[in-house]
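**Q** One structure, as structure tokens, below. Some questions next.
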Amino acid sequence: MPYITVDRENSGNIDLYYEDHGSGRPVVLVHGWPLSGASWEKQVPALLDAACRVITYDRRGFGKSSQPTFGYDYDTMAEDLHKLITKLDLRDIALVGFSMGGGEVARYLGVHGSERVSKAVFMAAVPPYMLMTTDNPDGIDGGVFEGIKKAIVADRPALLSKFLSDFYNVDLLKGKKVSDEAVHLNWIVAAEASPKATLDCVTAFSSTDFRKDLKRIDIPTLVIHGDADRICPFPATGKRIREIVKGSRLIAVEGGPHGINWTHAEEVNRGLVNFLGEAARKKAAA
């Protein structure tokens, strides 16, 4: 299995697990909290069929990657992404960030710019700024996130069950768009993540302000978001990303929950492949 070393903790390396499949224009998929790169199960085949080289990886603390006790802030995690891109010498990349992964895409572009990146996709993503503050009245009350952190400390497995129910709007979509087995599979992946990473990442995705990062984006950008998202409510996240990133395009998935990459995979994949192909055709024509 391929790994890249991004840091050290005491006597051991901090390694990220990644997968690198196919050939063609590279697409790097950045997963959400509290899952892993395996959550792109329904996107990878569609992208490979579209003649893309597809790279997924597990964020530090999650999936098959190392589980250090530090580094769960967006500056560090975006630097991990940068090290992976540099190690594989990827260029002309499409960066696709789901949920928390959208923050890594935003921070990467805000810090490193678009020298290696030709397009960006924010899918059910956390930017621009989830926390309600005096200058961010459209955010979410901080008490919500404090409640999540207290629940993680008290009973992390139980919190994950509740979270994944809202992740997929199970009360509405069970048996139609998502099965009990799919939700349980997600629970297994989330339960195996580092408890420290699971807790610290709540602070990261709730309190990091990406507004300046988004304003620096100068490449074609697609926003895909469910209008029934209970985790990253569309008015506070996807709608605002579209407003901040100049020239960006929006696909609002009707009735889509947070986990649209599973429940509405056909619609999501069609929009994603069309966007990537359109950008490629424009470049070839130029």
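The values are calculated or read from the model by the stated rules, or taken from the named source; none is laboratory data. The shown structure was predicted, so the numbers you read here are calculated from the model rather than taken from an experiment. Neighbour counts are summed over all protein chains in view; Cβ atoms, including those assigned to glycine, are modelled from backbone coordinates with ideal geometry.
**Q** Report, ordered by the first and then the second residue, all pairs with beta carbons closer than 7 Å, sequence separation of six or more or different chains, a first member in the stretch 69-91 that is assigned to a helix (DSSP H, G or I), and a second member that is among the hydroxyl-bearing types (S, T, Y).
**A** Y74/T208; A78/Y108; L81/Y108; H82/Y108; L84/Y18; L84/Y57
**Q** Something else about it: Those residues that are part of a strand (DSSP E or B) and within 10 Å of the chain's Cα centre (by Cα), I need them from the stretch 121-136; list them, please.
**A** V121, F122, M123
**Q** When the residues of the stretch 137-170 are narrowed to those that are assigned to a helix (DSSP H, G or I) and among the β-branched types (V, I, T), which ends up surrounded by the most Cβ atoms within 10 Å (Cβ to Cβ)?
**A** Taking the stretch 137-170 as the starting set, the residues that turn out to be assigned to a helix (DSSP H, G or I) are 142-167, 170.
Applying the additional criterion that residues be among the β-branched types (V, I, T) yields 144, 148, 152-153, 170.
Working: V144: 13, I148: 18, I152: 21, V153: 11, V170: 19.
Among those that are assigned to a helix (DSSP H, G or I) and among the β-branched types (V, I, T), it is I152.
**Q** Within the stretch 149-195, which residues are farther than 25 Å from K42 by Cα, of a type in the set (D, E, K, R) and touching a residue at least 12 places away in the same chain (Cβ under 8 Å)?
**A** Hits for the stretch 149-195 are K149, R156.
**Q** Identify all residues within the stretch 174-186 that are crowded, with 18+ Cβ neighbours inside 10 Å and either of a type in the set (S, T, Y) or closer than 23 Å to R60 by Cα (or both); write none if there are none.
**A** Of everything in the stretch 174-186, those that are crowded, with 18+ Cβ neighbours inside 10 Å and either of a type in the set (S, T, Y) or closer than 23 Å to R60 by Cα (or both) turn out to be V183, N186.
**Q** Residue check: is G255 buried (at least 16 other Cβ atoms within 10 Å of the Cβ), among the small types (G, A, S) and touching a residue at least 24 places away in the same chain (Cβ under 8 Å)?
**A** No; evaluated as a whole, the condition is false for this residue.
**Q** Does the stretch 224-269 hold any residues that are under 22 Å from K119 (Cα atoms), charged (D, E, K, R) and in a loop (DSSP other than H, G, I, E, B), and which are they?
**A** If the condition is that a residue be under 22 Å from K119 (Cα atoms), charged (D, E, K, R) and in a loop (DSSP other than H, G, I, E, B), then K246 is the only one that fits.
**Q** For the structure I just gave you, tell me whether L276 is among the hydrophobic types (A, V, I, L, M, F, W, C) and assigned to a helix (DSSP H, G or I). Give the derivation first.
**A** Working: among the hydrophobic types (A, V, I, L, M, F, W, C): yes; assigned to a helix (DSSP H, G or I): yes.
It is true that L276 is among the hydrophobic types (A, V, I, L, M, F, W, C) and assigned to a helix (DSSP H, G or I).
**Q** For the stretch 13-32, does any single residue satisfy the condition of being hydroxyl-bearing (S, T, Y) and in a strand (DSSP E or B)?
**A** Taking every residue of the stretch 13-32 in turn, at least one turns out to be hydroxyl-bearing (S, T, Y) and in a strand (DSSP E or B).
**Q** Could you tell me which residue of the stretch 1-54 is nearest to K87 (Cα to Cα), considering only residues that are among the β-branched types (V, I, T) and touching a residue at least 24 places away in the same chain (Cβ under 8 Å)?
**A** Ranking the qualifying residues of the stretch 1-54, first place goes to I4.
**Q** Does R242 satisfy being surrounded by fewer than 16 Cβ atoms within 10 Å (Cβ to Cβ), closer than 19 Å to G271 by Cα, in contact with a Leu (Cβ under 6 Å, 6 or more places away or on another chain) and modelled with pLDDT of 95 or more?
**A** For R242, the condition - surrounded by fewer than 16 Cβ atoms within 10 Å (Cβ to Cβ), closer than 19 Å to G271 by Cα, in contact with a Leu (Cβ under 6 Å, 6 or more places away or on another chain) and modelled with pLDDT of 95 or more - is not met.
**Q** Scan the stretch 256-278 for residues that are among the small types (G, A, S) and at pLDDT 95 or above and jot them down.
**A** Listed by number, the residues that qualify are G256, G259, A265, G271.
**Q** Within the stretch 207-239, work out how many residues are within 29 Å of D92 (Cβ to Cβ) and either modelled with pLDDT under 95 or among the β-branched types (V, I, T) (or both).
**A** The qualifying residues number 7.
For (1) more than 17 Å from M100 (Cβ to Cβ); (2) of a type outside the set (V, I, T); (3) buried (at least 18 other Cβ atoms within 10 Å of the Cβ), each residue gets a yes or a no:
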| residue | (1), (2), (3) |
| --- | --- |
| D20 | yes, yes, no |
| V27 | yes, no, yes |
| S36 | no, yes, yes |
| V44 | yes, no, yes |
| L48 | yes, yes, no |
| V54 | yes, no, yes |
| S65 | no, yes, yes |
| Y74 | no, yes, yes |
